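This report concerns only the one structure given below.
The values are calculated or read from the model by the stated rules, or taken from the named source; none is laboratory data. Values in this document were obtained by computation on a predicted structure and should not be read as measured data. As a convention, Cβ positions derive from the backbone with ideal geometry for all residues, glycine included, and neighbour counts pool all protein chains shown. Just the protein is used for accessible areas: all its heavy atoms, side chains included, with ligands, DNA and RNA removed. Shrake-Rupley method; radii C 1.70, N 1.55, O 1.52, S 1.80 Å.
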Amino acid sequence: MSTLGLIGSGHIGSTLARLGVAAGLDVVLSNSRGPETLAGLVAELGPRARAATPAEAAAAGDWVVVTVPLKNYRQVPVAPLAGKVVLDTGNYYPERDGRIAELDAEKTTTSELLQRHLPDARVVKAFNNIYYGHLAALARPSGASDRSALPIAGDDQDAKAAATRLLDLLGYDAVDAGPLADSWRFQRDTPAYVVPYAKNPQGLGISADDPGTSADTATLRAALAAARRD
């Protein structure tokens, strides 16, 4: 049995935990407030789930998802993630995270910052471009005609293959968007961010009650190709 470790258990983390349990994975959840604050979610998820510290979740995971506000990425434990495939869901929101000069100047990407912090891990960008409600609602079995695709980016091909396997287990196809340096193609305010999965998109955003719609590989590839930097 494989284990999904989660550093951060907010909207995206808890959604991935539910998808993981549904897929037959063991799930180890953590957050910054302590395992005891996750008791309700663990009880909901059942015997395949347990709560732990971030370091324990990192050590336990065959895949480890880092899903914390970008401003907190330096708090992610380093040593237990050495050699691990780390899936980064981070997005840059200056109003929340403060200004980060390297990102404002487009000299790096959010996932390259995390990779720099975790030099011995293998970081793959994933799960950052979809609203958590849609992530929960659009998961489909392999081969389903209305299966959606999610983009990934990374510098290690084996890590991207491992991420693709996880996406498949959780109900999604993967589209390789290139190295971490190209992960900007599905960051906030790009055509591949949130909108492809929205039934009623509003510009580059959606309403919280949008029911969602499937976005296949071709749709996602077109959105990635349409991304532009200033």
- Item | Answer from 168, 158 - the residue that is more than 19 Å from residue 210 (Cβ to Cβ), touching a Lys or Arg at 6+ places or on another chain (Cβ under 9 Å) and among the charged types (D, E, K, R) | 158
- Residues that are out of contact with any Ser or Thr (no Cβ under 9 Å at 6 or more places or on another chain), open to solvent by less than 70 Å² (accessible area, probe 1.4 Å), assigned to a loop (DSSP other than H, G, I, E, B) and without any contact (Cβ under 8 Å) to a residue 60 or more places away in the chain, drawn from the range 89-105: 98, 105
- Message: Condition (residue is in a loop (DSSP other than H, G, I, E, B), crowded, with 21+ Cβ neighbours inside 10 Å, on the phi < 0 side of the Ramachandran plot and touching a strand residue (DSSP E or B) at 6+ places or on another chain (Cβ under 6 Å)) applied to the range 141-164: is it met by at least one residue?
- Response: no
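Looking at residue 71, is it basic (Lys, Arg) and open to solvent by less than 50 Å² (accessible area, probe 1.4 Å)?
On the way: basic (Lys, Arg): yes; open to solvent by less than 50 Å² (accessible area, probe 1.4 Å): no.
So residue 71 does not fit the description; no.
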- Candidate set: the range 120-137, residues that are surrounded by fewer than 23 Cβ atoms within 10 Å (Cβ to Cβ) and either among the small types (Gly, Ala, Ser) or free of Cβ contacts under 8 Å to residues at least 24 places away in the same chain (or both); chosen: the one nearest to residue 158 (Cα to Cα): 136
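Going by what's in this entry, would residue 176 be described as surrounded by fewer than 19 Cβ atoms within 10 Å (Cβ to Cβ), touching a helix residue (DSSP H, G or I) at 6+ places or on another chain (Cβ under 8 Å) and more than 19 Å from residue 64 (Cβ to Cβ)? I'd like the intermediate steps shown before the answer.
Working: surrounded by fewer than 19 Cβ atoms within 10 Å (Cβ to Cβ): yes; touching a helix residue (DSSP H, G or I) at 6+ places or on another chain (Cβ under 8 Å): yes; more than 19 Å from residue 64 (Cβ to Cβ): yes.
When the stated conditions are applied, residue 176 passes them.
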- Query: With respect to residue 175, is the statement that it is under 30 Å from residue 98 (Cβ atoms) and modelled with pLDDT of 95 or more true?
  - Reply: no
- Residue satisfying all of: in the range 186-196; assigned to a helix (DSSP H, G or I) and closer than 22 Å to residue 96 by Cβ; most open to solvent (accessible area, probe 1.4 Å) among these: 195
